[in-house]
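Here's the structure, in structure tokens; my notes come after.
The values are calculated or read from the model by the stated rules, or taken from the named source; none is laboratory data. Everything numeric in this text was worked out from a predicted model, so none of it was measured. So basically every Cβ, Gly included, is an ideal-geometry build from the backbone, and we count neighbours across all protein chains shown. The accessibility values were calculated without ligands, DNA or RNA, using every heavy atom of the protein model including side chains. Shrake-Rupley method; radii C 1.70, N 1.55, O 1.52, S 1.80 Å.
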Amino acid sequence: MFGREWNFRVTLRTTPGECVGVVGNCHQLGNWNHQNGILLTKSIVNTSDGNEIWQGTAQLPVDQEVYFRYFTCIVLDHMAENDEGNKRDLIVRRWETNIAPRLIKINSSQNDLIHIDLFGTYNGETRVDRGWLTKETVVQLKLYNDPIRMWKKSLHGKAFRVKVTPVEVDVSCSNTIRDGGIDESWDVQDVRNAVKSWPLIEVAAMNNADCEFKPQQQFGQLMDRGSYLIFQAQVTKPEAVTFLVDFYAHNLSIGDSPEHIGFCYILQNNMTQSDGSATVPITSPKHLAIGQLKVDYLIVRPINGFECEMSVSFARHWKHSWRGLEVGHRGAGSSFKEALKSCSSIRENTIASLAHAAKHGADMIEFDVQLSKDMVPVIYHDFYVYTAMVKKLGKDEGTNGNTEGHVDMLHLPIKELTLAQLQKLKIYHVKENTRVPKLNDDDFDDHQPFPTLQRALEHLDPHVGFNIEIKWTMQLKDGSFELNNPFELNLYLDTILKPVLQYGGTRKIIFSCFHPDICTMLRMKQNKYPVMFLTQGITAKFDDYHDPRTHNIPMGVHFVSAIGILGLCVHSEDILRDPTQVALVQSRGLILFCWGEDNNDQATIRYLKNLGLNGIIYDKIDVHSAKETKESIFLVEARQEQKELIKIASSTSSS
């Protein structure tokens with residue numbers, strides 16, 4: 001039943017090209033689909049605090065509680081397929097992500113009272129997050145490890161300012177933006193000077209001052225020795241966009257304009273995969289070759305075949321009570337270590353191991369996910385499997401007729417085996433003795449290696465949280481890779497994300513990965529679950545990775561702040577060596593977990609909890625946990641919430 005007109009009014013400050021919209025749980029507000037929400041109109045350009053007021057009306061149902069959120073967006077108008085008129089796409093820039101949305105109660109009315117909402121703030125809480133990918137693609141250009149090489153001696157050792165401008169080279173593919181598109185009569189200087197809201201380009205530097213993405217300055221961003229810059233462009237057709245990169249001499253004199261040193265183009269055919277690197281020549285304004293630029297790129301596309309909505313987001317949600325969470329490493333713990341006494345007696349990363357940790361009070365369980373050859377997300381840690389090949393030795397081989405089996409180990413990459421093949425193999429670990437296998441549990445289904453991610457989501461207690469580590473090959477500092485991965489990166493992640501989005505239910509879920517680009521993509525492809533950046537930091541226990549974002553906790557903090565994810569999961573050795581880094585992370589409002597062999601000790605776990613860590617990942621939770629009641633905190637809180645609801649219902653019934 002309809003009949004009440006509602007006037008939405010909100011105050012905020014927008015950027016050029018941004019519009020403001022409303023989305024909610026009824027048909028009139030799009031049923032949480034932002035593409036079907038309503039757009040507001042800017043009624044007052046500047047209030048006393050420099051903000052704007054946007055407003056609009058909608059006919060809302062009288063007999064239904066209406067929940068809603070405000071969001072900002074870029075509006076793209078383009079021709080629909082088959083030339084069936086114009087089509088409107090809304091690209092979400094920012095949206096309100098408080099756990100509880102705004103509420104209009106049944107039969108309530110505004111009574112002509114002028115109330116203006118403050119964007120992102122209600123019920124005493126403020127939470128605004130960036131949007132996720134829907135119709136657009138993100139292209140990141142990463143400059144680090146001194147990527148600019150100038151051949152002219154006069155330019156050696158100088159610092160430069162770098163500015164990136166996306167240029168639509170195929171005018172027929174360009175969108176019509178509400179503030180106008182590209183004029184075919186423009187020359188390169190017109191492109192540099194144009195003020196447009198689309199394609200959108202921002203930059204972040206991995207340092208304290210500039211680690212959040214923001215629009216470029218007139219002469220770009222300073223790139224000096226040791227800098228790490230990320231230029232991030234949002235485009236609708238990346239195959240129709242090239243990037244103009246300008247270089248300016250960094251002038252320390254106040255009032256002097258930087259000198260334009262040269263420029264280069266990063267073309268579509270320089271970026272043929274989802275990620276990679278390209279080296280392009282730098283040309284002077286007089287068209288002389290003066291140097292070269294090495295750039296790493298990342299192309300992030302929206303998830304294929306699944307649409308996220310706006311009813312709720314846990315991407316940055318973390319309760320104050322969630323401190324010192326106990327997280328079962330690979331379930332009940334690693335089952336293959338040099339020191340046998342520290343090994344779990346249950347095979348790691350199996351349903352039995354995960355269930356065992358949950359039974360013994362784990363708040364969350366951590367496990368590793370990668371794809372089989374036939375694109376099924378499976379739970380397994382290593383990139384390779386070890387299986388046995390038995391060869392019978394005959395008389396002609398000098399055994400005097402002895403036919404006792406001789407065991408050779410086969411070393412096979414998981415990416416080359418289908419799920420059916422993996423589940424038929426007798427699997428060993430590189431540290432297992434093949435004649436006397438450490439684990440003899442193949443007759444039990446839940447103890448089998450390679451359970452699917454979907455099975456874990458459907459069969460394990462929903463009150464135990466999941467920390468899902470995405471496995472992907474890393475480049476080491478010496479230039480080598482852990483694995484030559486054949487999967488297309490966007491397809492790889494989409495395949496892992498879909499079962500989580502479909503079967504995650506009410507479970508508390510966190511994604512994590514050592515690869516910073518994977519963390520970026522997980523954040524951009526969905527808006528529901530949080531992401532944490534795994535780092536090994538400063539240590540002699542592992543080989544260093546190539547990407548400087550992985551090298552230490554401060555660099556990790558800059559990166560996490562830039563892409564807007566929940567926090568970091570750091571190597572305990574880093575924290576135990578310098579506990580002040582806990583405050584460094586938390587001062588940025590970030591959540592902090594830790595992992596590592598040092599955690600397998602009750603005294604260390606207690607110390608880390610006292611430092612204020614939000615989660616500690618460790619082995620053999622049935623042995624090391626000091627919990628009196630072996631239950632997940634999420635189960636305890638769910639039980640308490642149920643009691644409160646019963647109490648409220650009882651009170652209402654009595655009255």
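Can you find even one residue in segment 541-558 that is touching a Gly at 6+ places or on another chain (Cβ under 7 Å) and closer than 24 Å to Thr97 by Cα?
no
Across segment 623-641, what is the number of residues that are closer than 15 Å to Val464 by Cα and either touching a His at 6+ places or on another chain (Cβ under 6 Å) or in a helix (DSSP H, G or I) (or both)?
Total meeting the criteria: 9.
I'd like the full set of residues that are over 8 Å from the mean Cα position of the chain (by Cα) and open to solvent by 10 Å² or more (accessible area, probe 1.4 Å), limited to segment 512-526.
Once the filter is applied, which keeps residues that are over 8 Å from the mean Cα position of the chain (by Cα) and open to solvent by 10 Å² or more (accessible area, probe 1.4 Å), segment 512-526 yields Phe514, His515.
Restricting to segment 605-615, and then to whatever is of a type outside the set (A, V, I, L, M, F, W, C) and buried (at least 19 other Cβ atoms within 10 Å of the Cβ), can you tell me which residue is nearest to Ser321 (Cα to Cα)?
Residue satisfying both the conditions and the ranking: Asn614.
Would it be correct to say that Tyr618 is hydroxyl-bearing (Ser, Thr, Tyr) and open to solvent by 40 Å² or more (accessible area, probe 1.4 Å)?
no
Could you go through segment 74-86 and let me know if any residue there is open to solvent by 20 Å² or more (accessible area, probe 1.4 Å), among the small types (Gly, Ala, Ser), at pLDDT 85 or above and in a loop (DSSP other than H, G, I, E, B).
Looking through segment 74-86, none of the residues is open to solvent by 20 Å² or more (accessible area, probe 1.4 Å), among the small types (Gly, Ala, Ser), at pLDDT 85 or above and in a loop (DSSP other than H, G, I, E, B).
When you scan segment 217-299 for strands (runs of 3 or more DSSP E) that lie fully inside it, which ones turn up with 2 or more residues that are touching a residue at least 12 places away in the same chain (Cβ under 8 Å) and closer than 14 Å to Ala159 by Cα?
221-223, 241-249, 260-266
Any chance you could count how many residues in segment 460-485 are acidic (Asp, Glu) and under 19 Å from the mean Cα position of the chain (by Cα)?
Number satisfying all stated conditions: 1.
All but one of (1) among the small types (Gly, Ala, Ser); (2) in a loop (DSSP other than H, G, I, E, B); (3) surrounded by fewer than 21 Cβ atoms within 10 Å (Cβ to Cβ) hold for Ala352; which doesn't?
Going through the list (1) among the small types (Gly, Ala, Ser); (2) in a loop (DSSP other than H, G, I, E, B); (3) surrounded by fewer than 21 Cβ atoms within 10 Å (Cβ to Cβ), Ala352 breaks only (2).
Can we say Asn51 is under 28 Å from Ala233 (Cα atoms), open to solvent by less than 70 Å² (accessible area, probe 1.4 Å) and modelled with pLDDT under 95?
It is true that Asn51 is under 28 Å from Ala233 (Cα atoms), open to solvent by less than 70 Å² (accessible area, probe 1.4 Å) and modelled with pLDDT under 95.
Report yes if some residue within segment 595-604 is in contact with a Phe, Trp or Tyr (Cβ under 6 Å, 6 or more places away or on another chain), in a loop (DSSP other than H, G, I, E, B) and not small (Gly, Ala, Ser); otherwise report no.
yes
Take the residues of segment 109-133 that are at pLDDT 95 or above and assigned to a loop (DSSP other than H, G, I, E, B): which is farthest from Phe68 (Cα to Cα)?
Filtering first and then ranking leaves Leu133.
Among the residues of segment 300-323, how many are in a loop (DSSP other than H, G, I, E, B) and either crowded, with 20+ Cβ neighbours inside 10 Å or in contact with an Asp or Glu (Cβ under 9 Å, 6 or more places away or on another chain) (or both)?
Here the count works out to 14.
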